[in-house]
1. Residues in the range 192-207: is at least one modelled with pLDDT of 95 or more and touching a Cys at 6+ places or on another chain (Cβ under 6 Å)?
2. Does HIS252 satisfy the condition of being modelled with pLDDT under 95 and either surrounded by 15 or more Cβ atoms within 10 Å (Cβ to Cβ) or within 18 Å of VAL115 (Cβ to Cβ) (or both)?
3. Let me confirm something: among GLY149, GLY188, which residue is open to solvent by 60 Å² or more (accessible area, probe 1.4 Å), in a loop (DSSP other than H, G, I, E, B) and on the phi > 0 side of the Ramachandran plot?
4. Any residue that is assigned to a strand (DSSP E or B), of a type in the set (Gly, Ala, Ser) and farther than 20 Å from GLN114 by Cα - is there at least one of those in the range 261-278?
5. Which condition does ALA169 not pass, out of (1) in contact with a Gly (Cβ under 7 Å, 6 or more places away or on another chain); (2) open to solvent by 40 Å² or more (accessible area, probe 1.4 Å); (3) over 23 Å from PRO109 (Cβ atoms), if it passes all the others?
6. Looking only at residues in the range 123-146 that are open to solvent by 70 Å² or more (accessible area, probe 1.4 Å) and not in a helix (DSSP H, G or I), which one is nearest to ILE208 (Cα to Cα)?
7. Please determine whether any residue of the range 111-122 is under 22 Å from TYR194 (Cβ atoms), open to solvent by 20 Å² or more (accessible area, probe 1.4 Å), modelled with pLDDT of 95 or more and charged (D, E, K, R).
8. Using beta carbons and a limit of 7 Å, which pairs, at least six apart or on different chains, have the first residue in the range 199-220 and part of a strand (DSSP E or B) and the second one modelled with pLDDT under 95 and buried (at least 19 other Cβ atoms within 10 Å of the Cβ)?
Amino acid sequence: MALTSTRTARRTARLTARAALAAAVLTPMVFLGTGTGTATALPATGTGTGTGTDAPGTSAQRQAPPVAANARAAQPAPAPPASVPLTIARSAAGGARDVAITIDDGPDPVWTPQVLDVLKQNNVKATFCMIGTNAQKYPDLVKDVVAAGHRLCDHSVSHDTTMDHKPVAFQQREILDGKAMIERAAPGATVDYYRAPGGAFTPDSRQIAAAQGMRPLGWSVDPEDWSRPGAAAIVSAVEQQEQQPHPTVLFHDGGGDRSQTVAALREVLPWFAQRGYSFTFPVRTAP
């Protein structure tokens, strides 16, 4: 019995020692795994489970090195958009032998495609001044205009030519809602200009447009194609005003039968090219 008791005591002592050793070894591992241990044993931020193990992709391993962070911080901020003057643009960008073609009152399902075809045939880029409700009704035509490389211009929601006699709140709605309608028709496209219906600008409307990045846009040559005087008369009116430097010419693709305008463009565009003109857009940021 004494021998058995002695063996039992020794076995118990050995088990107790092993348990103490295991506790001594495991306790630091749990300690390190909690994220409060030294950086030499385990990553500084553990799993928080007390198991003493960190799976790949822990927060410590995902931290970007200081150099990369500094590189990101040193990147220059995007340049702010160029300021748009309040004055009404009536000139083509470039020199005296540059001409800007502008097309008003569309888009129209009959005439806009024909105008686009004539422009393409003559390698001309134009500015389309669109009425918001038309853009909303024919969004695919707005997309076609943008896809062909032409620029967009807000021509108000409803083409009210008495806007200069209306309250500022009305002018603001017509301008901003018209712009929004065009932008919704062609997501991602920019509206670079605002042309008041009938040229009915006010100081307030110019301010509202410029604050939205739209240059107030007028014209310097008006062949009055909207009145349908005949294709020959439209061509003659443009040729008679040729002496004006860097002209901005007004045409229409909406508001009625524009077959005379299409016919006139077929003659006017080659005529400009033969006389050494280059086609461009109206000035936007220049005074």
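1. Just the residues of the range 192-207 that are modelled with pLDDT of 95 or more, to begin with: 192-207.
Filter again for touching a Cys at 6+ places or on another chain (Cβ under 6 Å), leaving 193, 195.
Yes, the range 192-207 contains at least one residue that is modelled with pLDDT of 95 or more and touching a Cys at 6+ places or on another chain (Cβ under 6 Å).
2. Working: modelled with pLDDT under 95: no; either surrounded by 15 or more Cβ atoms within 10 Å (Cβ to Cβ) or within 18 Å of VAL115 (Cβ to Cβ) (or both): yes.
Spelling it out, it is not the case that HIS252 is modelled with pLDDT under 95 and either surrounded by 15 or more Cβ atoms within 10 Å (Cβ to Cβ) or within 18 Å of VAL115 (Cβ to Cβ) (or both).
3. Values: GLY149 fails: open to solvent by 60 Å² or more (accessible area, probe 1.4 Å).
Step by step, each of GLY149, GLY188 is checked, and only GLY188 is open to solvent by 60 Å² or more (accessible area, probe 1.4 Å), in a loop (DSSP other than H, G, I, E, B) and on the phi > 0 side of the Ramachandran plot.
4. To start, the set of residues in the range 261-278 that are assigned to a strand (DSSP E or B) comprises 278.
Next, from what is left, pick out any that are of a type in the set (Gly, Ala, Ser): 278.
Retained after the next criterion (residues that are farther than 20 Å from GLN114 by Cα): 278.
Looking through the range 261-278, at least one residue is assigned to a strand (DSSP E or B), of a type in the set (Gly, Ala, Ser) and farther than 20 Å from GLN114 by Cα.
5. Every condition holds for ALA169 apart from (1).
6. Quick first cut of the range 123-146, residues open to solvent by 70 Å² or more (accessible area, probe 1.4 Å) only: 123, 125, 136-137, 140, 143-144.
Remaining after also requiring not in a helix (DSSP H, G or I): 123, 125.
On the way: ASN123: 33, LYS125: 27 Å.
The residue in question is LYS125.
7. The answer is no; no qualifying residue exists.
8. Short answer, once both residue conditions are applied: ARG215/VAL84.
The values are calculated or read from the model by the stated rules, or taken from the named source; none is laboratory data. Everything numeric here is computed off the predicted structure, so don't read it as measured data. So basically every Cβ, Gly included, is an ideal-geometry build from the backbone, and we count neighbours across all protein chains shown. Just so you know, the surface numbers come from the protein's heavy atoms only, side chains and all, with ligands and any DNA or RNA stripped out. Shrake-Rupley method; radii C 1.70, N 1.55, O 1.52, S 1.80 Å.
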